[in-house]
Structure formats: structure tokens, C-alpha cells
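Read the structure below first, then the notes.
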Amino acid sequence: MAIQIPTRLLDGAVLAFLKQNDLYGYALTQNVQKVFEISESTIYPVLRRLKKNNYLTTYDEPYQGRNRRYYHITDDGIELLQTIQDEWQGFSTNVDQVLGGQNDQSN
């Protein structure tokens, strides 16, 4: 059984990719899928929620006769990303201690 990626971590992954470059939905999905096993339909609800909460903005660019919707991280999104990164550091350290055999607590 695979470990399910928590919503907060998926938000962080999306924001981290968008901090590097503005991306359209399919390209963003491809990037996230290189790291996490997610379905193609997983990213769009995340993008809608992050945009609704003002962590992202969008703009359209023409591409082969159609428009591509690009996502851009806002200042609020950068702040949220930093918060998620800080939370991850503490969580990751604790998991490593427990699952990595470095647990100093004795029963």
C-alpha cells in the first residue's frame, strides 16, 4: 500500500514548482507526477483552492490557436510555502527519528 500524500504537502509541492516558474496545469501535473504518484485530475482542485485563497493568480497565453491558463504564485503563496517548508522540517525530523531507528525514548 502506497503512502497517501497529505493535502498540505501537495499544496507545498505545487507552490514550490510555481515559485520556480509559472506553469500551465498539464505541465504542473507532469512535474508533480515525477515526484509523487498522483492522478492527472488531482492537481486541478488544488489549483482552484489555492487560487480561491489568493495563493495563486492566473493568466492566459495563446498556444496553437487555444489559450493556456498559467498559474503564478502570489506573495501570500510564497509565505504559505515557507510555512509548509518549516512544518515539513519538524515533521520530517520526527518521522526520521521514529522510522529511521533513531528513537532515543525507551519504554
Practice problem: Starting from the range 46-61, take each residue that is farther than 18 Å from Gln82 by Cβ and list its partners that are aromatic (Phe, Trp, Tyr), counting only C-beta distances under 7 angstrom and pairs at least six apart or across chains. | Solution: Leu47/Tyr71; Thr58/Tyr70; Thr58/Tyr71; Tyr59/Tyr70; Glu61/Tyr70
Quiz item: Which residue pairs have Cβ atoms under 8 Å apart, sit 6 or more places apart or on different chains, and have a first residue in the range 85-100 that is among the hydrophobic types (A, V, I, L, M, F, W, C) and a second that is assigned to a helix (DSSP H, G or I) and surrounded by 12 or more Cβ atoms within 10 Å (Cβ to Cβ)?
Solution: Trp88/Leu9; Trp88/Gly12
Practice problem: Looking for whichever is in contact with a Leu (Cβ under 6 Å, 6 or more places away or on another chain) and surrounded by 11 or more Cβ atoms within 10 Å (Cβ to Cβ) here; the options are Gly25, Gly77. Which one fits? | Solution: Gly77
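Identify, from the list Thr29, Thr42, Thr57, the residue that is farther than 23 Å from Ile3 by Cβ and among the hydroxyl-bearing types (Ser, Thr, Tyr).
Every option except Thr57 fails the conditions.
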Exercise. Please report, ordered by residue number, the helices (runs of 4 or more DSSP H) entirely within the range 1-77 with at least 1 residues that are in contact with a Gly (Cβ under 7 Å, 6 or more places away or on another chain).
Key: 7-20, 43-52
Quiz prompt | Scan of the range 14-43 for residues that are closer than 14 Å to His72 by Cα and in contact with a helix residue (DSSP H, G or I) (Cβ under 8 Å, 6 or more places away or on another chain), ordered by number | solution = Val14, Leu15, Ala16, Phe17, Leu18, Lys19, Leu23, Gly25, Leu28
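All of the numbers you see were taken from the coordinates with simple rules; none came from a lab. Just so you know, these numbers come straight off a predicted model, no measurement behind them. Note that we place each Cβ from the backbone using ideal geometry, even for glycine, and neighbour counts take in every protein chain shown.
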